[in-house]
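Have a look at the structure below before the remarks.
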Number of protein chains: 2
Amino acid sequence: MTEIKLQIEPLTKQGFAPYGDVIEVNSENQIISINHGLADRHHDLIKVDVNNENGHTIVSIIDTQKVCLPFRVCVMERHPLGSQAFMPIGNNPYIVVVTEPGEFDYNQLKGFLVRPDQGVNYAKGTWHHSCMSLYEANQFLVVDRGGQGANCDFVAVPDNVSITIDDEDCL
Amino acid sequence: MTEIKLQIEPLTKQGFAPYGDVIEVNSENQIISINHGLADRHHDLIKVDVNNENGHTIVSIIDTQKVCLPFRVCVMERHPLGSQAFMPIGNNPYIVVVTEPGEFDYNQLKGFLVRPDQGVNYAKGTWHHSCMSLYEANQFLVVDRGGQGANCDFVAVPDNVSITIDDEDCL
């Protein structure tokens, strides 16, 4: 059995760039004053990449259960036809696990601890685990692709490989 | 001076239907079990209507100040080229004020009190006030249209008309 303990690092735009976008209030954003100065718009934060082969944008809510640590990563998925954005509704941190598009390599997995005020947008084809809510169940607003076409592939980590996330690995 | 006190009613899908969609977890939604039973997807909740004239979907965060009641409604806006969805990030209720697309008639204004777990999607052309966050500043994830074209019209309530929202009008 090959045992891998996945290191979890805090989510940043730079760290997540190979996998997609971070949704957050950040002074580096393009910020537009609107509503006669009563609001600031952090404008156009992600690449919504869904319009191929008659795809279109859909908005959904995903209601997730919490995960208990230690957690073993067994199955990953990707959406070959579109990006997929998650923004938490609520106040719980969560963990995302990703690896770059292309041939799946479990040695390349990266784990990020995401603050409740941050969202992620997986680029088309980025391998990702389902969002792992810590402490409590979480809801996410999801912006992804609707339309024809096979848009969800799964891959399993080999049975003789154990990839785990422990409490002490959440820095 | 014509004085109008705007009644504010709780937001429901039925009540908001002339103006757009409500984003909420609701047993009437299409619910899909995903991630091997670990999550429920409330699927495709709104009409994202942005793809005309080379428009495309963008995702932004709007950071709003709170409003103090009583509040006087002075200016409304509409987006003739696209829908605009708001989902709060955080735990504050807010008020939306709308009237149907077409010629603006201040006598037809409707006000809704929105729970923190509810979002709204203004249909293309629906006249709306900026979101009015109660108690505290609020952030919203916004899904609307990017691209060329004049996509924001404003209209002012006449100076001799006072439309106000009072605490006691929030049922």
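Quick notes
- Computed with a 1.4 angstrom probe on protein heavy atoms, the A-B interface buries about 3400 square angstrom of accessible area in total.
- Percent accessible area from carbon and sulfur atoms, region B:50-164, protein chains only, probe 1.4 Å: 47 percent
- Couplings 3J(HN,Hα) for region A:31-40, derived from phi with the Karplus relation 6.51 cos²θ - 1.76 cosθ + 1.60 (θ = phi - 60°), are 10, 10, 7, 10, 6, 6, x, 7, 8, 10 Hz, where x marks Gly and Pro.
- Sparse-neighbourhood loop sites, chymotrypsin sites (Phe, Trp or Tyr not before Pro) in region A:75-171 - DSSP loop, at most 12 other Cβ within 10 angstrom: A:Y135
- The GluC sites (Glu not before Pro) of region B:1-108 meeting both criteria, a DSSP state outside H, G, I, E and B (loop) and at most 15 other C-beta atoms within 10 angstrom of the site's C-beta, are B:E28, B:E103.
- Charge dipole (the protein assembly as shown, unit charges on Cβ, about Cα centre) - positive-most of B:L109, A:P93, A:V48: A:V48
- For A:Y94, residues with placed amide H under 5 Å, excluding near neighbours: A:V114, A:L134
- The amide H of B:I23, built 1.01 Å from its N in the peptide plane, has B:G119, B:V120, B:N121 as neighbours under 5 Å, considering only residues 5 or more places off or on other chains.
- Cα gyration tensor shape of the protein assembly as shown, rounded if a/c is under 1.5, else prolate or oblate by comparing a/b with b/c: prolate
- Our coupling estimate for region B:128-135, obtained by passing each phi through the Karplus curve with A = 6.51, B = -1.76, C = 1.60 and θ = phi - 60°, is 8, 7, 4, 4, 10, 6, 8, 6 Hz, Gly and Pro reported as x.
- Only lysines eight or more places from B:K13 in sequence, or on another chain, were considered; those with a Cα closer than 16 Å are B:K47, B:K110.
- Other-copy label distances relative to A:Y135, 7 angstrom Cα-Cβ extension, nm: 1.8
- Estimated 222 nm signal from helices in chain B, with DSSP H stretches of n ≥ 4 weighted -39500 (n - 2.57), rounded to 500: -500 deg cm²/dmol
- Taking amide H as placed 1.01 Å from N in the peptide plane, A:V157 has its amide H under 5 Å from the amide H of A:V75, A:M76, each at least 5 places away in sequence or on another chain.
- Of all chain B C-beta atoms, the nearest to the rotation axis linking B with A is recorded, alongside its rounded Å distance, as B:T57, 2.
- Bridges between two residues of region A:2-170, per DSSP, are antiparallel at a rate of about 80%.
The values are calculated or read from the model by the stated rules, or taken from the named source; none is laboratory data. All of these numbers come straight from a predicted model, not from anything done at the bench. Don't worry about glycine lacking a Cβ; one is built from the backbone with ideal geometry, like all the others, and counts go over all protein chains shown. Each accessible area value is taken on the protein alone, full model and side chains, heavy atoms only, with ligands, DNA and RNA left out. Shrake-Rupley method; radii C 1.70, N 1.55, O 1.52, S 1.80 Å.
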